[in-house]
Amino acid sequence: MIAKIYSSCVLGIDAYEVTVESDIGGGLPAFNIVGLPDTAIRESRDRIKAAIRNSGFSFPPRKVTINLAPAYIKKEGATYDLPIALSVLLCEGVIEEADLKEYIFCGELSLDGRLKPIKGALAIALGLKAMDKDKFVLPEQNAREAAAVKDIEVYPARSLKEVVDFMNKKVAIRRELSSGDQLLRRNSKYRTDFRDVKGQEHVKRGLEVAAAGGHNVLLIGPPGSGKSMLAKRLPTILSEMTIEESLEISKIHSVAGLVMSNKVLVGTRPFRSPHHTISDAALVGGGTNPSPGEISLSHNGVLFLDELPEFKKNVLEVLRQPMEEGSVTIARVANTFTYPAKFMLIAAMNPCPCGYFTDPKRECHCSPLQIQNYLSRISGPLLDRIDIHLEVPRLKLEHLTDKRRGEPSETIRKRVDKARSTQGSRYRNDGVYFNSRLESDQLEKYCTLDKESEELLKLAILELGISARAYDKLLKVSRTIADLDGKETIEAHHISEAISYRSLDRNLRG
Amino acid sequence: MGRERREVGILGERLALEFLQKKGYRLKCKNFRTPFGELDIVARHGSSMVFIEVRTRTTSSLGPPLQSVTRVKQAHIIKNALFYLKRYGGIDSYWRIDVISVKLSYDRILENIEHIENAVEDIY
């Protein structure tokens, strides 16, 4: 007779069903596990035997064979301890058969039979529906994480014996109930605020425009001008996360092992700031069972690349596809994995190698050739995806010592939200959410210019040598500025502000 | 000297057999010879066929008798058992290997018998 218990494995960031089958047969007693188990699982035999004995049951002195199906997927980690033990006990008749088909069991076992926490509980909980199951038994330390998912029953367990008694209806386990929305609200306070930034009104305005339209930003300024400080505060003016967005992010973070037990749902938009020595695999994702990269960890959030020219060229190259499609596909021999990667990019750099090219106070020691080379280290294609260039000047003394505080993030965010909802209703049927994502044909349709702005645009192309690519960007950004202004038609002052955000175009021309 | 050891061994096996029979084991064969070695006792217990390896000691200075069943020895016992099962049938039935350790005093008086069931598992 074969006994079956259902569990789950996480491949990439998605959960799949694993059937734990057990067979007890004749021959020299043994305890074998097949189904491509990794070392941790192979070691678990001793853990499981001890746990079963110490829970008051006996381990059959027979040939016990455990199969983790499907057989061609590599199984990793210690989450299968509990389901394997249960499968053996089921085969022995210690557990009653009834309604096991509705349950998923996961958990690591201690030698004394107690359950220990697992990784990826949220990802598994999110996958339960697809596996046709609605009940999840798991270690109590992971219960809150899993309970954030609607429409499933989560049962926190402390030991193997408790689970066996529960399945035999001898003991009750109280369902873990937690409201995802409550959890989200509790975690949604940012620790930083735009209020903390003195002066830099022009940059703050630029970031407001970027946030409103989903435009990527490049900050250019001397060292110490506050580029990082400003970048860090960008998430605080992005719209509030919905529960769906939070679940998406939390799932990715859960698989990466980043979920803290008291903050199971990510409540604030992620802000990731990788060092410029990062490898391409760490940035976009990689490894054997690929772990999510920084771009996925900043999904629905902000990716900050400080010192942009210092990043390796090949590393920046791999950003192109994800930025285009909002996801990254990693191919492996056995499988192809696609991870979400919809992030807002904000990059920062100095205006020249020594950093003081645009500084009114300090001397710049770089030759024009050096500056040209430095600026051209950023690949064309990457620059093409950045709509807004902001110059961040060194703070003037009076600003530094100004006691007054700037506008709080909340006020700015309200304006951003208004502009976003305008875009939302405008593009309802177009599958686009932001102005930054408009295609060329859509640009023509939605960016109506008045006479003055048309003239201004023509001038810009002629005098400033704005390329066709830059022209598209100008239109998109003007569209956002007009939305912030509450205007449907784009006016000249919207265009001129947008032109002010194309400083690199002008600089590169000399 | 060799004869003394053999005598001690034979005495130990006899004591082990008495012990098992009192427990309800039915003797199938004693000192079964195979091309690879020998099985001390083959017995039936309930639905299982049991192959018993007997270890006898007169002093404890050479370590507990169970320790002398090394990995190599275990592999031999399995081989011998499989030979028996192939000849008389029952490879896929329930069978196991037990070890009985017999402790005798210096003047050959029984001090202790320990019976370890299922002492040797499949070496995978």
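Against the globular-protein guess of 2.2 N^0.38 Å, express the Cα radius of gyration of the range A:438-510 as a ratio, rounded to two decimals.
Working: Rg = 11.6 Å, N = 73, 2.2 N^0.38 = 11.2 Å.
So the Cα radius of gyration is 1.03 times the expected 2.2 N^0.38 Å.
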Computed over the range A:438-510: relative contact order in percent, which uses C-alpha pairs under 8 Å that are six or more apart: 39 percent
Antiparallel DSSP beta bridges within the range A:194-426, as percent of all bridges there, nearest 5: 35 percent
10 Å Cβ neighbours from other chains, averaged over peptide B:92-102: 3
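Which whole-number percent of Cα pairs in the protein assembly as shown have a distance greater than 36 Å? Before the final figure, lay out the partial values.
On the way: 112092 of 200661 pairs.
Above the 36 Å cut-off, the protein assembly as shown has 56 percent of its Cα pairs.
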Relative compactness, the range A:113-166, computed as alpha-carbon Rg over 2.2 N^0.38 Å: 1.08
Whole-percent pair-distance distribution, where bins are 10 Å wide, for the alpha carbons of the range A:344-452: 10, 24, 28, 26, 11, 0
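The range A:220-358: percent of C-alpha pairs farther apart than 19 Å?
Values: 5185 of 9591 pairs.
Pairs farther apart than 19 Å: 54 percent.
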Under 19 Å from the Cα of A:LYS63 - aspartates and glutamates, other chains or at least 8 residues apart: A:GLU21, A:ASP23, A:GLU43, A:ASP46, A:ASP81, A:GLU92, B:ASP92, B:ASP98, B:GLU117, B:GLU121, B:ASP122
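Once the Cα gyration tensor of the range A:2-178 is found, what semi-axes does its equivalent ellipsoid get, as square roots of 5 times the eigenvalues, in whole Å, sorted largest first?
Details: eigenvalues 113, 66, 40 Å².
Semi-axes (√(5λ), whole Å): 24, 18, 14.
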Loop sites in the range A:341-406: GluC sites (Glu not before Pro), DSSP, at most 11 other Cβ within 10 Å: A:GLU363
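DSSP loop (so not H, G, I, E, B), at most 11 other Cβ within 10 Å: list which chymotrypsin sites (Phe, Trp or Tyr not before Pro) in the range B:1-106 pass both filters. Numbers along the way, then the final one.
Values: sites: B:PHE19, B:TYR25, B:PHE32, B:PHE36, B:PHE51, B:PHE83, B:TYR84, B:TYR88, B:TYR94, B:TRP95, B:TYR106; in loops: B:TYR25, B:PHE36, B:TYR106.
The qualifying sites are B:TYR106.
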For A:LEU218, residues with placed amide H under 5 Å, excluding near neighbours: A:ALA347, A:ILE388, A:HIS389, A:LEU390
Pairs from A:LYS116/A:LYS150; A:LYS4/A:LYS133; A:LYS198/A:LYS487; B:LYS28/B:LYS79; A:LYS204/A:LYS396 whose Cα-Cα separation, in the structure shown, is over 20 Å: A:LYS116/A:LYS150; A:LYS198/A:LYS487
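Within chain B, what's the longest run with no trypsin sites (Lys or Arg not before Pro) in a DSSP loop and at most 16 other beta-carbon atoms within 10 Å? Give the range, please. Write out the running numbers ahead of the final one.
Values: sites that count: B:LYS23, B:ARG108.
Here the longest run is B:24-107.
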Over the range A:1-122, relative contact order from alpha-carbon pairs under 8 Å, at least 6 apart, %: 33 percent
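With Kirkwood's inverse mean 1/r over C-alpha pairs for Rh, give me the Rg to Rh ratio of the range A:168-215, two decimals please.
On the way: Rg = 21.9 Å, Rh = 15.3 Å.
Result for the range A:168-215 is an Rg/Rh of 1.43.
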Shielding by other protein chains, A:81-92, mean Cβ within 10 Å: 0
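Antiparallel as a % of all DSSP beta bridges within the range B:2-116, to the nearest 5?
Values: 18 of 27 bridges.
For the range B:2-116, the DSSP antiparallel bridge percentage is about 65.
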Rounded D (µm²/s) - the range B:81-124, Kirkwood Rh over Cα pairs, Stokes-Einstein at 4 °C, 1.567 mPa s: 101 µm²/s
Pairwise centroid distance, computed over Cα atoms, of the range A:237-282 with the range A:119-192, Å: 20 Å
Hydrodynamic radius of the range A:194-426 per Kirkwood, over alpha carbon pairs, in Å: 18.9 Å
Chain B: angle of helix B:71-88 to the longest principal axis, Cα-based, in degrees nearest 10: 50 degrees
Rg/Rh ratio calculated on Cα atoms of chain B (Kirkwood radius): 0.96
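Which of the trypsin sites (Lys or Arg not before Pro) found in the range A:154-222 are loop residues per DSSP with 12 or fewer other Cβ atoms within 10 Å of their Cβ?
Sparse-neighbourhood loop trypsin sites (Lys or Arg not before Pro): A:LYS169, A:LYS170, A:ARG174, A:LYS189, A:ARG191.
What net charge is computed for the residues neighbouring A:GLU102, neighbours being all others with C-beta under 10 Å from the C-beta of A:GLU102, Lys and Arg scored +1, Asp and Glu -1? Mind dumping the intermediate values first?
Details: positive: A:LYS101, A:LYS133, A:LYS135; negative: A:ASP99, A:ASP132, A:ASP134, A:GLU153.
Computed value for this residue: -1.
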Antiparallel DSSP beta bridges within chain A, as percent of all bridges there, nearest 5: 50 percent
Helix B:2-22 vs. chain B, principal-axis angle (Cα, 0 to 90°, nearest 10): 60 degrees
Charge dipole (the protein assembly as shown, unit charges on Cβ, about Cα centre) - positive-most of B:LEU20, B:VAL69, A:ILE73: B:LEU20
Evaluated over the range A:97-199, the Cα radius of gyration and Dmax, each in Å: 17.6, 69
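All of the numbers you see were taken from the coordinates with simple rules; none came from a lab. Keep in mind that what you see is a predicted model, and the values were worked out from it rather than measured. Glycine also receives a Cβ, built like all others from the backbone with ideal geometry; neighbour counts cover every protein chain displayed.
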